[in-house]
Amino acid sequence: MILEIFISALIAFVATLIGGQFIIPVLLQAKLLARDINKKNTPILPTSGGTILLLGLFFGVLSLVFASNYIVGTSVDSEVILISLMSILAITFIGFLDDLIGGRIRTFRGDVKAAIKRYKFFNGGIKQWQKPVLTLIAAIPLMVINLGSENIKFPLIGVISINPIVYTLVFIPLAVAFSANSFNMLEGMNGIASQMGLVAFIALSIFSYYTQNYTAFSLSVIFSAVLLAYVYFGSYPAKVLPGDSLTYLVGAGFAATVIIGKMQVLGLILIIPWIIEFFLKARARFHANSWGIIQKDGKLKSPNGGKIYSLTHVFMRSGKYTEMQIVSMLTVLEAAIAALGLLVLLY
């Protein structure tokens, strides 16, 4: 059973790597472009990298369902996996629409051809208030089959019971909407969403394995595989920008995995950086961005001076760090939070 899960994850990994080679030129031809503004020459890159991630996820999940039904019986609930995939597809489509509406800039045909030849690779859609409303749609599949548990166990406190109707109609949609939109807030640097998301899904994989919830384990392992493969395309210097399609996909996948794995407390711990980001952005009435102003030495300076409206601004106040260094430090922060959460909940 474990072998089949890891084989499916390997298929997802390979499909992501190979799929990216085909999808990136398509995004360029479709002029889904954005500027990577944290670079000196602000190169034009394709956006909507979530389409690459979705391809790998699709093949990984299908191979897992095939193995479960035709090769060997497993403890993985194929129906739950497919329902979760429906939820993730719905929210990724919303993100892609935003990329499609806002991700076009004026270019000449020669510019696109040159970009494809160099394999070098801008952003912009749906109103801010509409995004959390639309992402509630993705929670419907999870609500229909009543995934998760109404009993949540907190360390030192014990089990807290939540009314099943409140859990299904309130908790699940809010969890999905908040997770998807918060992952979208902490973005604007190469690899920040994919690398921090990778750490979070690895932690979910470890926890679900120890609790023997193999349905959540399989989904979290497959997500870890596609995010690891995407690092090749999305980390510094990026070949493609994530767009809302990726941040929404990762956020929805995170929420779905937490819910089906009954890992609400760990999920709450893992999402601490994004909760902080939410409140920091709220201070600026959600008009602040996470990127910085590039200096002559390649290091980034905060566009808001000493004011902090994002976790990235903490590191950019001094102007001493590069984009890659800031992303690495935030990834290490998420790894430390994940390790602490696992230590508290498993031991």
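The residue of the range 206-238 that is surrounded by the fewest Cβ atoms within 10 Å (Cβ to Cβ), among those that are small (Gly, Ala, Ser) and out of contact with any Phe, Trp or Tyr (no Cβ under 6 Å at 6 or more places or on another chain), is Ser235.
Could you tell me which of the residues Leu266, Leu311 is surrounded by 24 or more Cβ atoms within 10 Å (Cβ to Cβ) and within 18 Å of the chain's Cα centre (by Cα)?
Numbers: Leu311 fails: surrounded by 24 or more Cβ atoms within 10 Å (Cβ to Cβ).
Within the list Leu266, Leu311, the selection yields Leu266.
Return yes or no: is Leu241 aliphatic (A, V, I, L, M), crowded, with 24+ Cβ neighbours inside 10 Å and outside any helix (DSSP H, G or I)? Can you show your working first?
Working: aliphatic (A, V, I, L, M): yes; crowded, with 24+ Cβ neighbours inside 10 Å: yes; outside any helix (DSSP H, G or I): yes.
So Leu241 passes the test.
Is it true that Val231 is assigned to a helix (DSSP H, G or I), farther than 26 Å from Leu174 by Cα and modelled with pLDDT under 95?
Details: assigned to a helix (DSSP H, G or I): yes; farther than 26 Å from Leu174 by Cα: yes; modelled with pLDDT under 95: yes.
Judged against the criteria, Val231 is a match.
Per-residue answers, yes or no, for (1) of a type in the set (S, T, N, Q); (2) within 19 Å of the chain's Cα centre (by Cα):
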residue	(1), (2)
Val26	no, no
Leu32	no, no
Lys39	no, no
Thr42	yes, no
Ser48	yes, yes
Gly56	no, yes
Leu82	no, yes
Met86	no, yes
Ala90	no, yes
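Here Trp291 meets the list (1) buried (at least 17 other Cβ atoms within 10 Å of the Cβ); (2) more than 21 Å from the chain's Cα centre (by Cα); (3) not aliphatic (A, V, I, L, M) almost entirely, failing just condition (2). Per the conditions (1) closer than 30 Å to Tyr167 by Cα; (2) in a helix (DSSP H, G or I), the sole criterion not satisfied by Arg285 is (2). What are the residues in the range 41-95 that are farther than 21 Å from Ser179 by Cβ, part of a helix (DSSP H, G or I) and either touching a Ser or Thr at 6+ places or on another chain (Cβ under 6 Å) or of a type in the set (Asp, Glu) (or both), if any? Within the range 41-95, Ser63, Leu64, Val65, Ser68, Ser78, Glu79 qualify.
For every residue, the table says whether it meets (1) polar (S, T, N, Q); (2) at pLDDT 90 or above; (3) over 16 Å from Ala225 (Cα atoms); (4) surrounded by fewer than 22 Cβ atoms within 10 Å (Cβ to Cβ).
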| position | (1), (2), (3), (4) |
| --- | --- |
| Ile2 | no, no, no, yes |
| Ser8 | yes, yes, no, no |
| Leu17 | no, yes, no, yes |
| Gly20 | no, yes, no, no |
| Leu28 | no, no, yes, no |
| Gly56 | no, yes, no, no |
| Val61 | no, yes, no, no |
| Asn69 | yes, no, yes, yes |
| Glu79 | no, no, yes, yes |
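Residue check: is Ile294 closer than 20 Å to Phe315 by Cβ, of a type outside the set (Lys, Arg) and touching a strand residue (DSSP E or B) at 6+ places or on another chain (Cβ under 7 Å)? Answer is yes for this residue. Can Val327 be described as within 18 Å of the chain's Cα centre (by Cα) and under 15 Å from Lys39 (Cβ atoms)? The answer is yes for Val327. Counting the residues of the range 256-297 that are within 13 Å of Phe223 (Cβ to Cβ) and modelled with pLDDT under 90 gives 3.
The values are calculated or read from the model by the stated rules, or taken from the named source; none is laboratory data. Just so we're clear, the structure is a prediction, and the values are computed from it rather than from any experiment. Counting neighbours? That spans all protein chains shown, and the Cβs are built from the backbone with ideal geometry, glycine included.
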